[in-house]
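What follows is a short report on a single structure.
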Amino acid sequence: MRIRQSIECWIFHRRLRTYLLLQCPETKRHPKYWQPITGGVLPKETLGRACLREVREETGIVLQPSELVTVIEEYRIWIPEYRLEVRKPVFTAETDLDEVFISDEHLAYQWVAPYDVKNWLYWDSSKATFEAVHSFYHECYQT
């Protein structure tokens, strides 16, 4: 079994009370799909720094470490066909920016209302982490 460290970050728009989703391209393994910000961790990089870097690279949003909230310390996903376990913290952060600048690895972005997010998500793991993130914001803002 191999283990890969990753990060996931949900961006919440304070004014609109919506979540940012990015569209990923089709591959041999899956069709086009929507997800939050995800990414790998570079050697000697902390999980928080990896998250800040991925958010900046994938959206152009520049966050400070103090703006990140850890919602799940470690979420594990088993991918049997690759005998791979992905381990990732799930972060969230807030923004007031309406427009983001996506990287070449994504096709589009959209701000999605909480009641509709799970309808856009492809992976069950994303649906599960969204539940935790939305519960966090529901307690903060009663969204």
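The values are calculated or read from the model by the stated rules, or taken from the named source; none is laboratory data. Values in this document were obtained by computation on a predicted structure and should not be read as measured data. Positions of Cβ are generated from backbone atoms using ideal geometry, with glycine treated the same way; all protein chains shown enter the neighbour counts.
So here's what we get for this one:
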| read-out | value |
| --- | --- |
| Whichever residue in segment 123-143 is of a type in the set (A, V, I, L, M, F, W, C) and part of a helix (DSSP H, G or I) and, among such residues, is farthest from LEU21 (Cα to Cα) | CYS140 |
| Single residue of GLU74, GLU85, GLU58 found to be outside any strand (DSSP E or B) and out of contact with any helix residue (DSSP H, G or I) (no Cβ under 7 Å at 6 or more places or on another chain) | GLU58 |
| Selection within segment 29-51 - aliphatic (A, V, I, L, M) and either at pLDDT below 95 or surrounded by 12 or more Cβ atoms within 10 Å (Cβ to Cβ) (or both) | ILE37, VAL41, LEU47, ALA50 |
| Hits in segment 103-119 - residues which are closer than 14 Å to TRP10 by Cβ and either of a type in the set (Asp, Glu) or touching a helix residue (DSSP H, G or I) at 6+ places or on another chain (Cβ under 9 Å) (or both) | TYR109, GLN110, VAL112, PRO114, VAL117, LYS118 |
| Hits in segment 94-143 (condition: of a type in the set (Gly, Ala, Ser) and either over 18 Å from LEU52 (Cα atoms) or in contact with a Phe, Trp or Tyr (Cβ under 7 Å, 6 or more places away or on another chain) (or both)) | ALA108, ALA113, SER125, SER126, ALA128, ALA132, SER135 |
| Residues of segment 19-36 classified as in a loop (DSSP other than H, G, I, E, B), touching a Lys or Arg at 6+ places or on another chain (Cβ under 7 Å) and in contact (Cβ under 8 Å) with a residue 12 or more places away in the chain, total | 1 |
| Hey, GLU57 among the acidic types (Asp, Glu), surrounded by 12 or more Cβ atoms within 10 Å (Cβ to Cβ) and in contact (Cβ under 8 Å) with a residue 60 or more places away in the chain or not | no |
